[in-house]
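One structure is given below, encoded as structure tokens.
The values are calculated or read from the model by the stated rules, or taken from the named source; none is laboratory data. What you see is a predicted model, and the numbers here were worked out from it, not measured in a lab. Please note: Cβ atoms are built from the backbone with ideal geometry, for glycine as well, and neighbour counts cover all protein chains shown. What goes into the accessible areas is simple: the full protein's heavy atoms, side chains included, and nothing from ligands, DNA or RNA. Shrake-Rupley method; radii C 1.70, N 1.55, O 1.52, S 1.80 Å.
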Amino acid sequence: MKKIGILSDTHGYWDEKYLYYFESCDEIWHAGDIGSMEVAEKLAAFRPFRAVHGNVDTEDIRRIYPEKLRWKCEDVDVLMTHIGGYPGNYDPKVRSQIYASPPQLFVAGHSHILKVKYDKTLNLLHINPGAAGMSGWHRERTLIRLAIEGNKFTDCEVITLGDRQP
């Protein structure tokens, strides 16, 4: 079993709460708009770290973190990208890939809208962890913890980090 911490849209903002809430996690996944190498480096120094770049990320981040990642976690096929949409409204950049070869878990950020939704048509779980940073229009900062055992998802938790300050 692997316990995963998932966040997105930090936009360069660092919060010590990330480490507190990811203490029990085996891996950390960042779904883009990291915003600074410092944030990526702190997370990567804490736990094994996977990330994709987002639309606000600069060239230094884009050189290290790809636009899309696909890999196996336990027995689960995972696809992660920053701009991905959600079930019933996948972004054109990933829509054909998702329909041609659906992953079991699709992680995307960008919208700053927390969403955990099962796509019955494609038999996949979609997760958007919302936004963990201060930049944007969201009201609450959120992240997600999830356990993966074999091909099963358990213990999905939404964690609220607090209000976004104007």
(request) Calculate how many DSSP beta bridges within segment 55-166 are antiparallel, expressed in % of all such bridges and rounded to the nearest 5. (result) 75 percent
(request) Just tell me the longest site-free run in the chain, where the sites are GluC sites (Glu not before Pro) in a DSSP loop having at most 12 other beta-carbon atoms within 10 Å. (result) 24-166
(request) Measure nothing fancy, just the Cα-based angle from helix 37-46's long axis to the longest principal axis of the chain, in degrees from 0 to 90, nearest 10. (result) 70 degrees
(request) In whole Hz, with x marking every Gly and Pro, tabulate ³J(HN,Hα) for segment 58-73 from phi via Karplus 6.51 cos²θ - 1.76 cosθ + 1.60, θ = phi - 60°. (result) 7, 4, 4, 6, 5, 5, 9, 10, x, 6, 9, 10, 9, 7, 9, 10
(message) With an 8 Å Cα cut-off and a minimum separation of 6 or more residues, compute the relative contact order for the chain in percent.
(response) 24 percent
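What net charge do the residues around D26 carry, taking every other residue with its C-beta under 9 Å from that of D26, with Lys and Arg at +1 and Asp and Glu at -1?
Surrounding charge for D26 is +2.
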(message) Could you identify which residue out of S96, S135, S111 has the top mean-square fluctuation in a GNM of the chain using Cα springs shorter than 10 Å?
(response) S96
(message) Pick from L105, L43, L122 the residue whose mean-square fluctuation is largest in a GNM of the chain, springs joining Cα atoms under 10 Å.
(response) L122
(message) So if a site counts as exposed when it's one of the trypsin sites (Lys or Arg not before Pro), its DSSP state isn't H, G, I, E or B, and it has at most 14 other Cβ atoms within 10 Å, what's the longest stretch of the chain without one?
(response) 1-119
(message) Accessible area of segment 5-92 with a 1.4 Å probe: how many percent of it is carbon plus sulfur?
(response) 49 percent
(message) Pairs on different chains or at least eight residues apart, Cα atoms closer than 17 Å: how many lysine pairs in segment 29-166 fit?
(response) 4
(request) Set the Förster radius R0 to 25 Å, insert the Cβ-Cβ distance between E16 and E74 as r into 1/(1 + (r/R0)^6), and round the FRET efficiency to 0.05. (result) 0.30
(request) Count charges around R145 for me, please; just the other residues with Cβ under 9 Å from its Cβ, Lys/Arg as +1, Asp/Glu as -1. (result) -1
(message) Please compute the per residue accessible area over the chain with all protein chains in place, 1.4 Å probe, rounded to a whole number of Å².
(response) 47 Å²
(request) Using only alpha carbon positions, build the gyration tensor of the chain, then give the equivalent ellipsoid semi-axes as the square roots of 5 times its eigenvalues, largest first, whole angstrom. (result) 22, 18, 16
